[in-house]
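See structure below.
The values are calculated or read from the model by the stated rules, or taken from the named source; none is laboratory data. Keep in mind that this is a model prediction, so the values were computed, not measured. Using ideal geometry, Cβ is built from the backbone for each residue, glycine included, and neighbour counts are taken over all protein chains shown.
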Amino acid sequence: MLISLIGLPGVGKSTIGRRLAQRLRMPLHDCDALLEARFGMPIRTVFEVDGEARFRDAEAELLAELTTGPDAVVATGGGIVMRPANRELLRTRTYCVYLHATPEDLRQRLKGDAKRPLLQVADPQQRLLELSMERDPLYRDAACLVVEVRAMPFERLLATIVSGMDTAADRGTVGEAS
């Protein structure tokens, strides 16, 4: 089964992805890290040099690749849901988990973080609020499960994801690739 993790920047997709992959004994594909390796530069630099559109094209290509591969945990970039085709892949080929946190909680986590290009603005809190308003419906559209990350301890969060996966697998309701 392919498990994808989606959510706003700083919600913990990579960290939770690592732990979930260890727990399930699956490989982890961290989209941002894979894209940085492909471009040979940090994502922030990709945005500056090639622009966001080029980055989103590469992101969509990578997701299409990963969703035809073997079982794994996929930690996506925060903007992966901006394209309808990506949401369709997430919804139909993965067990998609939306890791949700409030913009206020995320701002606390991201203080001083200079590597997230969309948050390099005068008012990062306002930008997180805007991203949340724009993306929340898109995340929910793609997700099989929504998990409030603030509301639970880490081990319980992992158990919630695994339990939801098991239930979906038992019902045969996980995307076409499962």
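Overview of values
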item	result
Single residue of region 58-106 satisfying the filter (β-branched (V, I, T) and in a helix (DSSP H, G or I)) that is nearest to the chain's Cα centre (by Cα)	I80
Scope region 150-178; condition among the charged types (D, E, K, R) and at pLDDT 70 or above; matching residues	R150, E155, R156, D166, D170, R171
Count of residues meeting criterion [assigned to a loop (DSSP other than H, G, I, E, B) and under 15 Å from G79 (Cβ atoms)] in region 1-11	5
Matching residues, region 122-135, being at pLDDT below 90 and more than 23 Å from A58 (Cβ to Cβ)	A122, D123, P124, Q125, Q126, L128
Residue in region 72-90 that is within 14 Å of I3 (Cβ to Cβ), basic (K, R) and modelled with pLDDT of 90 or more present	no
Long-range neighbours under 9 Å by Cβ, at least six apart or interchain, first residue modelled with pLDDT of 95 or more within region 9-28, second basic (K, R)	L28/R18
Subset of region 12-57 [part of a helix (DSSP H, G or I), surrounded by fewer than 17 Cβ atoms within 10 Å (Cβ to Cβ) and of a type in the set (A, V, I, L, M)]	A33, A37, V49, A53
Single residue of L34, L8, L2 found to be hydrophobic (A, V, I, L, M, F, W, C), in contact with a Gly (Cβ under 9 Å, 6 or more places away or on another chain) and over 19 Å from G164 (Cα atoms)	L8
The lone exception for L63 - which of (1) farther than 24 Å from G164 by Cα; (2) touching a helix residue (DSSP H, G or I) at 6+ places or on another chain (Cβ under 8 Å); (3) of a type in the set (A, V, I, L, M) it fails	(1)
Selection count where residues are in contact (Cβ under 8 Å) with a residue 24 or more places away in the chain and farther than 18 Å from P84 by Cα, scope region 47-69	3
Lone unmet requirement of (1) of a type outside the set (S, T, N, Q); (2) outside any helix (DSSP H, G or I); (3) buried (at least 18 other Cβ atoms within 10 Å of the Cβ); (4) at pLDDT below 95 for A114	(3)
Test: residue in region 93-107 that is of a type in the set (F, W, Y), more than 28 Å from E48 (Cβ to Cβ) and modelled with pLDDT of 95 or more	yes
